[in-house]
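Reviewing the structure listed below.
The values are calculated or read from the model by the stated rules, or taken from the named source; none is laboratory data. This is a predicted model, so every value here is computed, not measured. Don't worry about glycine lacking a Cβ; one is built from the backbone with ideal geometry, like all the others, and counts go over all protein chains shown. Only protein heavy atoms, including side chains, enter the accessible area calculation; ligands, DNA and RNA are left aside. Shrake-Rupley method; radii C 1.70, N 1.55, O 1.52, S 1.80 Å.
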Amino acid sequence: MLRDSFGRVATDLRVSLTDKCNLRCTYCMPPEGLDWLPTAQVLTADEIVRLVRIGVEMLGITEVRYTGGEPLVRRELVEIVQRTAALRPRPQISLTTNGIGLARLAEPLRAAGLDRVNVSLDTLDREHFKRLTHRDRFDDVIAGLRAAHEAGLRPIKVNTVLMRGINEDEAVSLLRFCLEQGYELRFIEQMPLDAQHGWSRAAMVTADEILAKLSAAFDLTPDQEERGSAPAERFLVDGGPARVGVIGSVTRPFCGSCDRVRLTADGQVRNCLFAREESDLRGPMRAGASDEELAERWRAAVRGKRAGHGIDDPSFLQPSRPMSAIGG
Ligand code: SAM
Ligand code: SF4
């Protein structure tokens, strides 16, 4: 098992398949993009599947989420999902994506064994979308969501980051859209993980503000279902069964029940989004390490996990890698 010194057990593995992306969301990447990882440093499909297999067979991983960067730009994605679904015990397999390309890939991914998808969408306004992502791809995202629904991927979750003065007035319309379409919406507080280091607490739209905006139009009651390690606080909308989630990563941290561990596209284990240290698995793997040696490095990496992200500590330092390179 992947147990840390506070007794938390990591069972949910987030794997970044690439640091590249076809959007430039302002809270994530600068418009000009970033210096992408050299191809030779990025794990091959075989290396990814080997590490995921070690996680599942030897370390108690039960859920695998593929992310990035944008995972749909990784050519071997369908193959990687298929090989993940063949592992035993079979893990739950999910994907976090901006939705571009999902119109074409939703069905092959479902057939390969994908269980669930989270699609990021911050606005329903094409002009806002362009301003926010520096790309005119709104229609592709909507088409991707529809295709995921038609392919039977359930539940479809939509991730939204609200930003002051940009899309903060869209909370209600986004929820209305998701209710109509049968998607579950989750608002995520903006975190200090952008490559430009542009985050400020004052510009962040807090969970309290989001709930106040939603409560003006909907009747929200806390979901009585056990929350477990889920980052989202969930609320029934107008008595349910539809729900909305709020992920207050900054103002309502859930580090105490965290069950996540991350693998970057270049094969580094990170025990937290905000960790300052990483443990290299790629180097030892390429030098011939055995499964057991890799598993032991991984266990050691999780053992050292800190109690919390410490965003409120005066000594807080933003991680040196941005979210797109860590795997969100
Ligand atoms: N490209 C995919 C996508 O956008 O869904 C996957 C990677 S992206 C880094 C994963 C999630 O992180 C997205 O829902 C995105 O909105 C969110 N995200 C990115 N930067 C963020 C930040 N600074 N604060 C909060 N969430 C962020
Ligand atoms: Fe790309 Fe996702 Fe970052 Fe947006 S949030 S720039 S879609 S990696």
*Which FRET efficiency value, to the nearest 0.05, is calculated for Arg303 and Asn22 with the Förster distance at 51 angstrom and r the Cβ-Cβ distance?*
0.85
*asked:* Can you compute log10 of I(q)/I(0) for the chain with the Debye formula, treating each Cα as one identical point scatterer, at q = 0.11, 0.13, 0.14, 0.16 Å⁻¹?
replied: -0.68, -0.99, -1.17, -1.57
*Could I have the simple spin-label model distance between Arg146 and Ala289, label points 7 Å from Cα toward Cβ, reported in nm to one decimal?*
4.7
*Unpartnered cysteines - no second Cys beta carbon under 4.7 Å - across the chain*: Cys21, Cys178, Cys255, Cys258, Cys272
*Considering only protein heavy atoms, with the full assembly of protein chains and a 1.4 angstrom probe, order Ser320, Ser215 by accessible area, largest first.*
Ser320, Ser215
*Spin-label point model (7 Å from Cα, Cβ direction): what's the Ser5 to Lys130 distance in nm?*
5.3
*For the chain, with a Gaussian network of springs between Cα atoms less than 10 Å apart, report the residue from Met163, Met191, Met58 with the top mean-square fluctuation.*
Met58
_Rolling a 1.4 angstrom probe over the protein chains, ignoring ligands and nucleic acids, what is the accessible area of Asp139 in square angstrom, nearest 10?_
90
_Additional length obtainable on full extension of the chain from Glu168 to Thr44, 0.36 nm per residue less Cα span_ = 40.7 nm
*How much of the accessible area of the chain, in percent, comes from carbon and sulfur atoms when a 1.4 Å probe is used?*
50
*asked:* Under the 0.36 nm per residue contour assumption, what length would be gained going from the current alpha-carbon distance of Glu76 and Arg201 to full extension?
replied: 41.2 nm
*Estimated FRET transfer efficiency (Glu277, Asp238; beta-carbon r; R0 45 Å; 0.05)*: 0.50
*Skip the ligands, DNA and RNA, and give the accessible area per residue of the chain with a 1.4 Å probe, whole Å².*
42
